[in-house]
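K.L.:
Would you mind keeping the following structure in view while I ask a few things?
The values are calculated or read from the model by the stated rules, or taken from the named source; none is laboratory data. Keep in mind that this is a model prediction, so the values were computed, not measured. Quick reminder, even Gly has a Cβ in these numbers, built from the backbone with ideal geometry, and neighbours come from all protein chains shown.
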Amino acid sequence: MWVPIALGRDVPRGATRAVLLEGEELVVWRGEAGTVQVWEDRCPHRGMRLSFGFVRGDALNCLYHGWEYGAGASCRRIPAHPDLTVPPTIRAKAFAATETGGLILVDRDGTGGPPPLMLAGLPVASLAIAADPETLFQLVPATPRPDPQLVEATLDGVRFHLGWHVPGPGRIMLHALVLDPGAESRALIALHKLRSEAEARRAA
Amino acid sequence: MLRLHDYVLSAECYAVRLMLALLGLAHERRAVDLYPGAATTPWGDVPVLEDGDDVVTDPGLILTYLARAHDPSGRWLPAESAAVVSRWLAFAATDLTALRDARRVAILAAPGDLDALNRKGYMALRALDDHLATRRLEGADWLAGDGPTVADIAVFPAVMLSHDSGIGLEDFPSLNLWQRRLRQLPGFVGMPGIPDYF
Amino acid sequence: MTAEPAALDQWYVLGAIGDFPQGQSSRRLLGTNLAVTRAGDRFTIESNGPPAAVRTDYGHLWTTLGTPARPVFDLPESRESDRRAVYCGAVTVRASGLRLIENFLDLAHFPYVHTDILGTEARPEVAKYEVEQRRDVDELWATKCEFFQPKAAAASEGGQISRYMYRVVSPFNVMLYKTPPAAPDRWDVIALFVQPVEPDLSIAHPYMLVIDDISTDAELIGFQQMIFLQDKIVLENQRPKLLPLQPGRETPTRADLSSVLYRRWLKEKQLRYGVEERTDLA
Ligand code: FES
Ligand SMILES: [Fe+2]
C-alpha cells in the first residue's frame, strides 16, 4: 500500500530525514540527481541508523564507519578497506518510493501496484499530532480522494489536500497541501488550531 | 585576548564556542572540570568569557557581547530584528532549560523526572518548529531577520542535543532543515553529540 | 529479563569509590536494585538475598550477583607509581553494554565519529591486526593495531601513527593500551568498565591510568568525555539495540576481526544479557 510519509519540499537535495511509520524506522533522502529514496533506517554493517548519515553526490554514507550506499541501495565503498571491491550482496533495504502531488510516498509491503499520480498541491507543513486518525478526522469534515491515504478537506475556508501516516499508536502525522496559491499562511494557522483541538479532545 | 572557561559537554559552552568559530575569533580555552569535579570559575558557572579585563557571564549575554564587540558587520545582532532576537534569547534561557535538565538526568543521572522534562522539552521544540514553519511560508530561513543571528546560535545546541535524552527530530521537519542550514555556515564546528558529518 | 548464570557469575563495577557517600545509596545492576552501605571504607551491598560479595579494586566498587570463577581481573599498571589515575565520571547510555564494549574495540569508526582527533577521512584504512583468545586467562586480545591519528591524546601536538592493544577481560570490561605522546616505549591504559543496568541500558565508567605530566585533570577528563560522548550518539542509534549474535544479522569485514572474536566468545560463554533474542529458533 502506498502511504504518504513526508512533503517533498522537506527533503531537499543532499538531506536525510528520519520517519517513523507504524513503529518502523525509515530514512528518506535525496541525492544530487534529485530522486527521492526511502530505505530501512539501518546500516547493514553494524546497524547504525542511516538517517544520521550524510549525502555526498548521489550516495548516502553511514555516520559510523562511512560505508557508502548508491541509489540502488548497494554498498559501493568501505573506507576501512579502500582496495576492496564490495560484494553486491551488501546492500541496505530499499522500499518502493515515489513523489507526486508534493508528497513522498512509500510502498513498504509491495502491494501498492504502480506508483500513483496525484494532483499537485502547494506544501504547507507536516504536523505531528498526538491523536489517532479516527479522533482527528472526527474534527475535519473530509472527502476521501481516489489517491492513497489522502483526503480533501476545508478548514477555516481553506481547501486542503491532507495526506497522513501513523508514526505509532495514538499518533498521526499530517502532510498538508493547499490548492489555492497564497493560502499557505492561513492554512498553517488553521492546522495549528486543529492540532490543539485534537490534542485537547484526547486529553479530555 | 579572549579566554573561555569551558566544559566540553556543556550545551551553553558549546553555543559560545560556536559563536567564536563563526566569527573566526582566536581565543584560549580553560577546561573546567564541571563533571565529575563540580568545579566552577572565580566568576561562577561556565561559560565565562574574559576579554582583557572584562568578564562576561551568562550564555545569552556572552553571545550578544561577542556580536556587539567583535562583529563589525553587525549581522549577528541586526537592529531591525532586535525584538525578535531577544524573544528567542529569552526562550533559550527559559523554555529550553527543560531539555538541558533532561539531558543531565539522562546522561549524568542527575535527580529529576525525565519524562516530565522531556514532555516540556518536546513542547519547546514544537514551538520552534511552528515558528520556523511559519517563517518558511514567508520565505525566511532563520528565527529572526534575513540571516542567522545570535538567536539561532542560542537555541541550536539544545535542539541538536535533544537526542541525548531520547527526543528525535522526526516530528519537526522545519527544525531539521534549519539545523542543516546552520551546520553549513562557514566556520561551523560541532561538539560531542553533534557530528561533523551531516 | 532475569539474568542468566553466565551474566550473574561476573564481577561488575558500581562506580568510583569517591562517588559513594557515607551511609546508604542505591544502584541497579542486571535489572536488580542494590542497597549500598558505606561505613568509612567498608562497603556492604544487599539485594533480595544474602549480602553480595564486595571488592574495592582500581578505585572502583565491584560486586557480583552470582559466584564468579575468578577474582576481579588484574590490572598490573595500577601498581606503577608514576601513572595518574583519572576518573572520568559515569555516563548513562541507552544501549546494550555489549554494544559499548564492541564499539570500544573498533578502529574503523575513528575518522567519522572522532573526526580530526582519533582519525581523519583522508586516512580511513584499518591495517591488518592480530586477535587471539588467551584460554589460560580467558581474555581476548587484539594486538598490532595501528591507526593514523591527528590528535591521539590530550597532550598530543600533531598527527601520529598510534599503536594500540585491546584486552577484553570479561564481557563488560575492556582495556585499551595506547602509546602516550610523552613515553613512546610505554602504554597508557584507558579502561571502560560497563555496569549493565538493563539489557538495553548501561552506565559507562571510563577510567585512565596515564603517563602525562603536562595536562591538567580537567583536560584529561574533558578529552576522554569528549571521545566517549561522540560514541554515545552512535551507540544509542544502532538497531537492534541489543547485540545480535545470529550470523547474517550484520556484516563484519576484516576490520571487525576483534568484534567477530568477541561475539564468538560471548556465544561460547552462553552470555545472553544484552544479546538480541534469536528469532529463527522459536
Ligand atoms: S554501521 Fe554503518 S558503516 Fe558501520
Ligand atoms: Fe569511539
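K.L.:
Report whether or not A:D10 is away from chain C (no Cβ under 14 Å), of a type in the set (D, E, K, R), more than 16 Å from ligand 2 (Cβ to nearest atom) and in contact with a helix residue (DSSP H, G or I) (Cβ under 6 Å, 6 or more places away or on another chain).
P.N.:
Yes: the conditions hold for A:D10.
K.L.:
Counting only residues that are more than 14 Å from the chain's Cα centre (by Cα), part of a loop (DSSP other than H, G, I, E, B) and away from chain A (no Cβ under 13 Å), how many does the stretch B:148-178 have?
P.N.:
Summing the residues that are more than 14 Å from the chain's Cα centre (by Cα), part of a loop (DSSP other than H, G, I, E, B) and away from chain A (no Cβ under 13 Å) in the stretch B:148-178 gives 1.
K.L.:
Answer yes or no: is there a residue in the stretch B:33-42 that is in contact with a strand residue (DSSP E or B) (Cβ under 6 Å, 6 or more places away or on another chain) and either modelled with pLDDT under 95 or surrounded by fewer than 23 Cβ atoms within 10 Å (Cβ to Cβ) (or both).
P.N.:
Looking for residues that are in contact with a strand residue (DSSP E or B) (Cβ under 6 Å, 6 or more places away or on another chain) and either modelled with pLDDT under 95 or surrounded by fewer than 23 Cβ atoms within 10 Å (Cβ to Cβ) (or both), one finds at least one in the stretch B:33-42, hence yes.
K.L.:
Mind checking which strands (runs of 3 or more DSSP E) fall wholly inside the stretch A:126-204 and carry at least 2 residues that are surrounded by 21 or more Cβ atoms within 10 Å (Cβ to Cβ)?
P.N.:
The qualifying strands (runs of 3 or more DSSP E) are A:150-155, A:158-165, A:172-178.
K.L.:
Does A:A97 qualify as being modelled with pLDDT of 95 or more, within 30 Å of A:G170 (Cα to Cα) and more than 16 Å from ligand 1 (Cβ to nearest atom)? Step through it out loud before you land on a result.
P.N.:
On the way: modelled with pLDDT of 95 or more: yes; within 30 Å of A:G170 (Cα to Cα): yes; more than 16 Å from ligand 1 (Cβ to nearest atom): yes.
Yes.
K.L.:
Given the conditions (1) within 13 Å of chain B (Cβ to nearest Cβ); (2) under 17 Å from the mean Cα position of the chain (by Cα); (3) in contact (Cβ under 8 Å) with a residue 40 or more places away in the chain, which single one is not true for C:N103?
P.N.:
Failed condition: (1).
So that you can scan it fast, the table gives a plain yes or no per residue for (1) in contact with a Lys or Arg (Cβ under 7 Å, 6 or more places away or on another chain); (2) over 30 Å from C:K232 (Cβ atoms); (3) aliphatic (A, V, I, L, M):
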| site | (1), (2), (3) |
| --- | --- |
| A:R9 | no, yes, no |
| A:A15 | yes, no, yes |
| A:V28 | yes, no, yes |
| A:F54 | no, no, no |
| A:L84 | no, no, yes |
| A:I90 | no, no, yes |
| A:T100 | no, yes, no |
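K.L.:
Residues that are outside the structural domain of C:D212 (by TED's automatic domain parsing): list the strands (runs of 3 or more DSSP E) wholly contained in the stretch C:1-120 that include at least 1 such residues.
P.N.:
So the answer is C:12-16, C:23-29, C:32-39, C:42-46, C:54-57, C:60-63.
K.L.:
Condition first: among the hydrophobic types (A, V, I, L, M, F, W, C), within 11 Å of another protein chain (Cβ to nearest Cβ) and in contact (Cβ under 8 Å) with a residue 24 or more places away in the chain. Now tell me which residues in the stretch B:179-198 satisfy that.
P.N.:
Across the stretch B:179-198, the qualifying residues are B:V189, B:M191, B:I194.
K.L.:
Would a scan of the stretch C:129-138 turn up a residue that is among the β-branched types (V, I, T) and more than 21 Å from the chain's Cα centre (by Cα)?
P.N.:
No, the stretch C:129-138 has no match at all.
K.L.:
May I ask you to verify whether A:P44 is within 8 Å of another protein chain (Cβ to nearest Cβ) and surrounded by fewer than 20 Cβ atoms within 10 Å (Cβ to Cβ)?
P.N.:
The answer is no for A:P44.
K.L.:
If only one of C:T67, C:T56 is more than 13 Å from chain B (Cβ to nearest Cβ), away from ligand 2 (no atom under 16 Å from the Cβ), of a type in the set (V, I, T) and touching a helix residue (DSSP H, G or I) at 6+ places or on another chain (Cβ under 7 Å), which one is it?
P.N.:
Values: C:T67 fails: touching a helix residue (DSSP H, G or I) at 6+ places or on another chain (Cβ under 7 Å).
After ruling out the rest, the residue left standing is C:T56.
K.L.:
When you check B:A93 against the structure, is it buried (at least 21 other Cβ atoms within 10 Å of the Cβ), within 21 Å of B:Y14 (Cα to Cα) and touching a residue at least 12 places away in the same chain (Cβ under 8 Å), yes or no? Show your work before the answer.
P.N.:
Numbers: buried (at least 21 other Cβ atoms within 10 Å of the Cβ): no; within 21 Å of B:Y14 (Cα to Cα): yes; touching a residue at least 12 places away in the same chain (Cβ under 8 Å): yes.
Spelling it out, it is not the case that B:A93 is buried (at least 21 other Cβ atoms within 10 Å of the Cβ), within 21 Å of B:Y14 (Cα to Cα) and touching a residue at least 12 places away in the same chain (Cβ under 8 Å).
K.L.:
To continue, here is another question. Residue check: is C:L242 touching a Gly at 6+ places or on another chain (Cβ under 9 Å) and hydrophobic (A, V, I, L, M, F, W, C)?
P.N.:
Spelling it out, C:L242 is indeed touching a Gly at 6+ places or on another chain (Cβ under 9 Å) and hydrophobic (A, V, I, L, M, F, W, C).
K.L.:
Can you tell which of B:A133, B:A140 is aliphatic (A, V, I, L, M), modelled with pLDDT of 95 or more and over 21 Å from A:A18 (Cα atoms)? Before you say what the answer is, go through the steps one by one.
P.N.:
Details: B:A133 fails: over 21 Å from A:A18 (Cα atoms).
One residue alone meets the criteria, B:A140.
K.L.:
Check every one of the strands (runs of 3 or more DSSP E) wholly within the stretch C:126-242 and list those with 3 or more residues that are away from ligand 1 (no atom under 16 Å from the Cβ) and more than 14 Å from chain B (Cβ to nearest Cβ).
P.N.:
Values: elements: C:130-134, C:139-149, C:160-170, C:173-178, C:188-198, C:201-210.
Ranges flagged: C:130-134, C:139-149, C:160-170, C:173-178, C:188-198.
K.L.:
State all residues of the stretch A:50-68 that are more than 9 Å from ligand 1 (Cβ to nearest atom) and either crowded, with 24+ Cβ neighbours inside 10 Å or aliphatic (A, V, I, L, M) (or both); if no residue qualifies, say none.
P.N.:
Listed by number, the residues that qualify are A:S51, A:V55, A:A59, A:L60.
K.L.:
Let me ask you something else. Which of (1) away from chain C (no Cβ under 11 Å); (2) in a loop (DSSP other than H, G, I, E, B) is the odd one out, the single condition A:A97 does not satisfy?
P.N.:
Against the list (1) away from chain C (no Cβ under 11 Å); (2) in a loop (DSSP other than H, G, I, E, B), A:A97 comes up short only on (2).
K.L.:
Continuing with this model, one more query. Please verify whether the stretch A:71-89 includes one or more residues that are touching an Asp or Glu at 6+ places or on another chain (Cβ under 8 Å), within 22 Å of C:K241 (Cα to Cα) and of a type in the set (D, E, K, R).
P.N.:
no
K.L.:
Continuing with this model, one more query. Starting from the stretch C:225-238, keep only residues that are closer than 26 Å to A:P44 by Cβ, then list their pairs with residues that are more than 12 Å from ligand 2 (Cβ to nearest atom) and hydroxyl-bearing (S, T, Y) whose Cβ atoms are within a distance under 9 Å, requiring at least 6 positions of separation or different chains.
P.N.:
Listed by first residue and then by second, the contacts come to C:L235/C:S96; C:L235/C:S202; C:N237/A:S51; C:Q238/C:S96.
K.L.:
Something else: Scanning the stretch B:97-142 for residues that are of a type in the set (D, E, K, R) and not in a helix (DSSP H, G or I), which turns out surrounded by the most Cβ atoms within 10 Å (Cβ to Cβ)?
P.N.:
From the stretch B:97-142, those of a type in the set (D, E, K, R) are B:100-101, B:103-104, B:113, B:115, B:119-120, B:126, B:129-130, B:135-136, B:138, B:141; that's our starting set.
Then keep just the ones that are not in a helix (DSSP H, G or I); that gives B:113, B:138, B:141.
Working: B:D113: 12, B:E138: 8, B:D141: 17.
That would be B:D141.
K.L.:
Another one. Residues being small (G, A, S), more than 8 Å from every other protein chain (Cβ to nearest Cβ) and either farther than 19 Å from A:L20 by Cβ or within 15 Å of ligand 2 (Cβ to nearest atom) (or both): count how many of those fall in the stretch A:47-66.
P.N.:
2
K.L.:
Same structure, new question: Residue pairs, Cβ under 6 Å, 6 or more apart or interchain, first in the stretch B:40-55 and within 11 Å of B:R3 (Cα to Cα) and touching a residue at least 40 places away in the same chain (Cβ under 8 Å), second part of a strand (DSSP E or B) and not charged (D, E, K, R). List them.
P.N.:
So the pair list comes out as B:V48/B:H5; B:V48/B:T41; B:V48/B:T57; B:L49/B:L4; B:L49/B:V56; B:D51/B:L2.
K.L.:
Let me ask you something else. Do we find a residue being within 25 Å of A:R9 (Cβ to Cβ) and at the interface with chain C (Cβ under 9 Å from one of its Cβ atoms) anywhere in the stretch A:67-85?
P.N.:
Within the stretch A:67-85, not a single residue is within 25 Å of A:R9 (Cβ to Cβ) and at the interface with chain C (Cβ under 9 Å from one of its Cβ atoms).
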